[in-house]
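Engineer: Before we start, here is the structure in question, set down as structure tokens.
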Amino acid sequence: MVDVSEHELVPEHNVLDDDAVEDVLDEYDIKRTDLPKIKRTDAAVPTEAEVGDVVEIVRDSRTTDRAVVYRLVVE
């Protein structure tokens, strides 16, 4: 079976630790539930991610070199 997360077109996905999540939430003055969602079954989500975790997605960008977005893992 092919590991989709290793494909060159899939951006880097990292599970954030609790301290990093708090930093992100404080920076944007939001609650965890205000984050956009990503399903736990999404092939790009790291295998260690659990429902309720926050995933950092780092994409290449033509204008900013790299774009960082955050998603809340849901069922």
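Engineer: Residue-wise, which Karplus ³J(HN,Hα) couplings in Hz belong to the range 41-47, taking 6.51 cos²θ - 1.76 cosθ + 1.60, θ = phi - 60°, and x for glycine or proline?
Structural biologist: Residue by residue, the range 41-47 yields 7, 4, 4, 7, 5, x, 4 Hz.
Engineer: Take the eigenvalues of the Cα gyration tensor for the chain, scale each by 5, and report the square roots as semi-axes in whole Å, largest first. Don't skip to the answer; put the middle values down first.
Structural biologist: Working: eigenvalues 86, 59, 17 Å².
After scaling each eigenvalue by five and taking roots: 21, 17, 9 Å.
No lab work stands behind these numbers, since they all come straight from the coordinates. Keep in mind that this is a model prediction, so the values were computed, not measured.
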